[in-house]
Amino acid sequence: MTKNHKIKKVRLHSEGNDILRKSLLVILVTGALLYYLLRDVTLWPFYAYMAICIILYAIAVNFFRCPIRIFDGDKEGTVLAAADGKVVVIEEVEENEYFHDRRLMISIFMSITNVHANWFPVEGLVKKVVHHKGNFHKAWLPKASTENERSTVVIETPDGKEVLVRQIAGAVARRIVTYAREDEDCYFDEHMGFIKFGSRVDVYLPTDTEVLVKMGQRTVGNQTVIAKLK
C-alpha cells in the first residue's frame, strides 16, 4: 500500500449522514408527540410505531455500512468485483460509448440489502469520467446499461489494457456518486463511488479476458476475483 491510497476509515458511509440524521430526528420527534398524545389512553400505537421505525432505521444503517476491505491477493492482471451483489450478465456485447467494438461485459446487480459502495475493479490511471442523465428502468434489464442514469469510468492498467466501469441507477436508485477523477491513479481498496438504493455495475473487458465467476454467483466488492486480463 502506498501513501496515494484513499481508503475510507469509517464504518458508516458519509453518503448516508444526512439521511440517517434527519430520519432519526423525525422518528424521535414523532415518537415523542405520539407518546404525549396517547399516554393517558393507550401506548400500543406508540410501541408499534417505534418498533417499525427501529426496523426500518436498522435497514437504512445496514445499507450505508462501509466495510474496510483490503485485497491481499495477486494483483497482476486481476479484475475484482466492483460491488457486492449477484452476477447477472456475462456476455460479449457491442460497447458503443467509448470502445466502439466488441467487449466482454460482466454485470453485478446490487439489491437494497447489499453494501452500495463501489470499488475500483483494476489498478491504473483514470482516463475518462462521464456522467449521463437518463431513465430509471429496473437495473437488471439489458436496456438499463445504455438508457438509465449512469456514470462511466475508463481505467488504463499499467500494462496498457483499458477497462470500462459503468455505475447504473435503477428504478429505486436516484443518485450516483462517482469519486474517480480523470488523470488520477486508482488502486484496489479505494472506493470508486456509491449508488443509493438498488442498482448495478457493469465492467467491460477485452474479449480474451478469462472469466472466473458464474451467472448467479454472489460477489464481495474488492474481494471476489471476477476475471484475469491476458
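Keeping every protein chain in place, order PHE71, PHE64 by accessible area at 1.4 Å, biggest value first, i.e. largest first.
Most to least solvent-accessible, the answer reads PHE71, PHE64.
Binning the C-alpha pair distances of the range 38-114 at 5 Å intervals from 0 yields a P(r) profile of 3, 11, 11, 12, 14, 11, 10, 7, 6, 5, 4, 3, 3, 1, 0 %, listed from the shortest bin outward. Each of the peptides 123-133, 30-40 was scored by the mean count of other Cβ atoms within 10 Å over its residues; in descending order, highest first, they stand as 123-133, 30-40.
Dimensions of the range 13-75 along the principal axes, based on C-alpha atoms and rounded to the nearest Å, stand at 65, 19, 9, largest first. Under 15 Å of direct C-alpha separation, and excluding same-chain neighbours fewer than eight residues apart, LYS127 reaches these aspartates and glutamates: GLU97, GLU156, ASP159, GLU162, GLU182, ASP183, GLU184, ASP185. All Cα-Cα separations within the range 157-230 were binned at 10 Å from zero, giving a P(r) of 15, 46, 34, 5, each value a whole percent of the pairs.
Can you compute the FRET efficiency between GLU94 and GLU210 using 1/(1 + (r/R0)^6), with r the Cβ-Cβ distance and R0 = 35 Å? Round to the nearest 0.05. The computed FRET efficiency comes out at 0.95.
Excluding VAL213 itself, calculate the net charge of residues whose Cβ lies under 12 Å from the Cβ of VAL213, where each Lys or Arg counts +1 and each Asp or Glu counts -1. Net local charge, VAL213 excluded: +3. For the range 114-129, backbone phi angles converted through the Karplus equation (6.51, -1.76, 1.60; θ = phi - 60°) give residue-by-residue couplings of 7, 4, 10, 5, 10, 10, 5, x, 9, 9, x, 10, 6, 9, 8, 9 Hz, Gly and Pro being listed as x. In the structure shown, the pairs LYS75/LYS161; LYS22/LYS196; LYS128/LYS230; LYS161/LYS228 are assessed against 18 Å; a Cα-Cα span above that value is assigned to LYS128/LYS230. Here CYS66 sits with roughly 0 square angstrom of accessible surface, probe radius 1.4 Å.
The values are calculated or read from the model by the stated rules, or taken from the named source; none is laboratory data. Everything quoted here is computed from the prediction, not taken from an experiment. Every residue, glycine as well, gets a Cβ built from its backbone with ideal geometry; the counts of neighbours run over all protein chains shown. For accessibility, only protein heavy atoms count, side chains too; no ligands or nucleic acids. Shrake-Rupley method; radii C 1.70, N 1.55, O 1.52, S 1.80 Å.
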